[in-house]
Amino acid sequence: MHPRKIEIVTAAVTCFLERGYHQTGIRDIARQAGVSLGNLYNHFAGKEAVLAFIAELEGRELAAFVDMLSDPEEPYAALERFIWAYAAYAARPENALLGLELMAEALRNPTISQVFDGNRHQLVAALMGCLERGVSTGRFRHLDDTRALALMILDTLEGQGLRQLDRKTPDPDAVRTLCAVLTTGLLARDQSPPPVPCNTPCSSA
């Protein structure tokens, strides 16, 4: 990957966070990156192309979370690791603020949300797969709607990340509480929670 391309994307993210996506022009991005407009156009056709590349980079980051949820042996442990790691990811200010900015922009321009929908769908599908494996192996109780639960988990972790922007790290008590809720709510009646309590965050991807 060309280093200049990464510099331009980094500059774009800075501009989006400072000015907002809607108010940022392609010249602003070039100025922030310290490149000429022509040089920028050598790498990207415009602001929308920069955003599409940001979505691609996000997809690469989220792939690690998808892999994390694919543990066929112990779905609960996989889910626990995911919760701690994704909480840390969602609490990073650049992720929380950029997500909020793009969500607001998507209300004005639905094509923005479409750029990132594929990443979101992959993450939801991976969570659903983990939950469904837990049900099929008897580890989790019967779940009527795994998609709704997957979305609730993501919304909870991402919302917590926004509320903890001043901390820049996930609130361990909040994450521990979510783990406890899942322990009592997900596990089948004849199952016991993992021997290690949900109180030690795993390193993020």
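Worth pointing out:
- Taken over region 112-138, the criterion of being farther than 17 Å from GLY59 by Cα and either among the aliphatic types (A, V, I, L, M) or in a helix (DSSP H, G or I) (or both) is satisfied by MET128, GLY129, CYS130, LEU131, GLU132, ARG133, GLY134, VAL135, SER136.
- Residue check for ALA11: part of a helix (DSSP H, G or I) and within 20 Å of the chain's Cα centre (by Cα): no
- Of all residues in region 14-58, those satisfying the criterion of being touching a residue at least 24 places away in the same chain (Cβ under 8 Å), closer than 23 Å to ARG92 by Cα and not in a helix (DSSP H, G or I) are GLY20, TYR21, HIS22.
- Check on ASN95, among the polar types (S, T, N, Q), at pLDDT below 85, under 14 Å from the mean Cα position of the chain (by Cα) and assigned to a helix (DSSP H, G or I): yes
- Top-ranked residue in region 4-44 [being touching a Ser or Thr at 6+ places or on another chain (Cβ under 7 Å) and under 21 Å from THR111 (Cα atoms); ranked as surrounded by the fewest Cβ atoms within 10 Å (Cβ to Cβ)]: CYS15
- Residues in region 126-136 that are free of Cβ contacts under 8 Å to residues at least 24 places away in the same chain and surrounded by fewer than 19 Cβ atoms within 10 Å (Cβ to Cβ): GLU132, VAL135, SER136.
- Residue match in region 27-43 (condition: of a type in the set (Asp, Glu) and under 21 Å from the mean Cα position of the chain (by Cα)): no
- Just one of (1) surrounded by fewer than 14 Cβ atoms within 10 Å (Cβ to Cβ); (2) charged (D, E, K, R); (3) at pLDDT below 90 fails for LYS47. It is (1).
The values are calculated or read from the model by the stated rules, or taken from the named source; none is laboratory data. Keep in mind that what you see is a predicted model, and the values were worked out from it rather than measured. Glycine also receives a Cβ, built like all others from the backbone with ideal geometry; neighbour counts cover every protein chain displayed.
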